[in-house]
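Please read the structure below before turning to the comments.
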Amino acid sequence: MAASQTPHEDTRAPAASSALVSGAGANAALLVVLFGSFMDLLDATIVTVAAPAMARDLGAGDAQIQWVIAAYVLALGAGLITGGRLGDQYGRKRLFMTGLAGFMVTSALCALASGPGTLIGMRAAQGLTAGIMVPQVFGIIRASFAPGERAKAFGAYGAVQGLASVAGPLLGGLLVDGDLFDLGWRTIFWINIPVSILALVIGAKVLPESRSASTARQDLPGALLAGSGILLLLLPVIQTESWGWTWASYALLAAGITVLAIFLVHERRLTGRGEEPVFDPALLRIRSFTVGLSASVLFFGGIGSFFLTLSVYLQMGTDRTAWETGLVILPYALGSIMTSGLGVALAARAGRTLLVTGSLTIAASHLVLWAVIRDGNDPGYWHLALALFIGGLGLGFAAPILVNVVLAGVPGRHAGAAGGVLSTVNQIGGAVGIAVLGTVFFTTVTGSATGTPQPAGYGHALAVVLVVSAVLYVVAALVMLALPRTAAEQADE
């Protein structure tokens, strides 16, 4: 349901130290990294269900709710830029444990937030710690399993993704409505604490340490420039409802473009000196890769914003509880699980076809949902469930294989760097989608003469978003026609 956060396997350099473990030790190591991955993936969906409750409790405005979700996704993308290389250099176990501990602490700080500003800041910090933790997963699996056993381990990772997509909306709804100890939405963050402690205790004993032979320095200035430029671009978009479009808004957009231009100049200079930049501009000369970046932004840009706006519509527009909202969203997750295995199995022969089919299926599901809600009445569970189930089928076809299909046209020597950039762009695309489509939704809701949201207004606003996003997915499908036909084959899988 959420944007795929599968870290692409880095092929830049062999491991300098990677003593394989076996048997129970390898399985225990896998369990630990799956715990960490599950929490990260869970947070991508659980917060959208809890968003209306957060807004009511904290007095948060529409833009602030967008930032609660976008800040995490954007910070995660920024963390992925350097997280993988930090693990290569200082040890993947060490960085995984550091990221997991940071994720635990920032989860507690999110739960303790007294206002929307604090929660946004802590969500950004939580995303950064996830960005440190997530890239280590594949490296640890490689260090824990012999080549012939890795396929099962990677399959378990895929299964955890599916489980998280199902558990997210249901667990979010259950925790919010359950109101354990009068904590309400805060329990969605508190639940991370015992799981993290258990994973840290076991991980300290069973995780193998490994690192890369590469001694390249970190391009921290590049990562800072990239993150700052994107933040400057998103800020006036998300704040449109409260700020409007003033000279300051256009100044921020201009500043963002300038910072990103400086970022590209900086990266070219590093490349010219033979150093490893965050983003190698030479990748842009690979046609399939530039096409893939565009397709990824369009595809993943619609996912996070869709579930945010759908959750707000279901709770504010149809007066459903958080638990009922989770039940409505559940068919989407089930549809995704049903087709994801088929998509992976057929990717080697029909990767591009699956991507196009998946994008068009999602577009069709949005149009079906538009037809269901456009009259302003509550359409009932099964009408909503059918439209969402169709969307889940499309997501399962496309999301698990998009990275490998895009990288099929990238030369092997660039595969590691390109995979890292693409994984980061997927997260950034999600943040951009939340900013743009979320702003369309909330400005449409409050676009009446009184400016006061009415229940029927949420349905109209979601209908507008569905039409726009359906067009985006059709455009994504057209862009995908320029991708390689099949997914890249990993030599050791």
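Is the stretch 200-276 rounded, prolate or oblate when judged by the Cα gyration tensor, a ≥ b ≥ c being the square roots of its eigenvalues, rounded requiring a/c under 1.5 and prolate requiring a/b larger than b/c?
It comes out oblate by the Cα gyration axes.
If you take every residue apart from Arg320 with its C-beta less than 13 Å away from the C-beta of Arg320, what net charge results, scoring Lys and Arg +1 and Asp and Glu -1?
Neighbourhood net charge equals -4.
Counting pairs of Cα atoms in the stretch 22-207, how many percent are more than 24 Å apart?
Above the 24 Å cut-off, the stretch 22-207 has 36 percent of its Cα pairs.
Would you mind counting up the charge near Ala282? Only other residues with Cβ under 10 Å from its Cβ, with Lys and Arg at +1 and Asp and Glu at -1.
Around Ala282, the surrounding residues sum to 0.
Sort 245-254, 376-385 by packing, meaning the average of other beta carbons within 10 Å per residue, with the highest value first.
376-385, 245-254
So between Asp319 and Ile286, what do we pick up on full extension, going 0.36 nm a residue minus the alpha carbon distance?
Going from the current span to full extension adds 6.9 nm.
Suppose a student asked you for the relative contact order of the chain, using Cα pairs under 8 Å spaced at least 6 residues apart; what percent would you report?
Contact order relative to length: 24 percent.
Place +1 on the Cβ of every Lys and Arg and -1 on the Cβ of every Asp and Glu in the stretch 22-207, take the dipole about the Cα centre, and give the residue among Val206, Ala44, Gln66 whose Cα lies farthest towards its positive end.
Towards the positive end, the residue furthest out is Val206.
What number, in percent, do you get for the relative contact order of the stretch 220-277 if the mean sequence gap of Cα pairs under 8 Å and at least 6 apart is divided by its residue count?
Relative contact order here is 44 percent.
For the chain, what does -39500 (n - 2.57) per DSSP helix run (n ≥ 4), summed and divided by total residues, give at 222 nm, in deg cm²/dmol to the nearest 500?
When only DSSP H runs of four or more count, the value is -26000 deg cm²/dmol.
Which FRET efficiency, nearest 0.05, do Ile262 and Asp378 yield, Cβ-Cβ r, R0 56 Å?
The formula returns an efficiency of 0.65 here.
With only Lys, Arg, Asp and Glu charged, each at its Cβ (+1 for the first two, -1 for the last two), find how big the charge dipole of the chain is about the Cα centre; round to the nearest 20 debye.
The dipole of the chain has a size of about 1240 debye.
Would you list the membrane-span-like helices of the chain, meaning whole DSSP H runs whose alpha-carbon atoms span at least 24 Å along their axis and whose mean Kyte-Doolittle value is at least 0.0?
Those that clear 24 Å and a mean of 0.0 are 23-58, 62-90, 92-111, 116-133, 150-178, 220-238, 247-272, 287-312, 322-373, 381-398, 415-445, 455-480.
Every number here is computed from the coordinates shown, using simple stated rules; none is lab data. Just so you know, these numbers come straight off a predicted model, no measurement behind them. Glycine also receives a Cβ, built like all others from the backbone with ideal geometry; neighbour counts cover every protein chain displayed.
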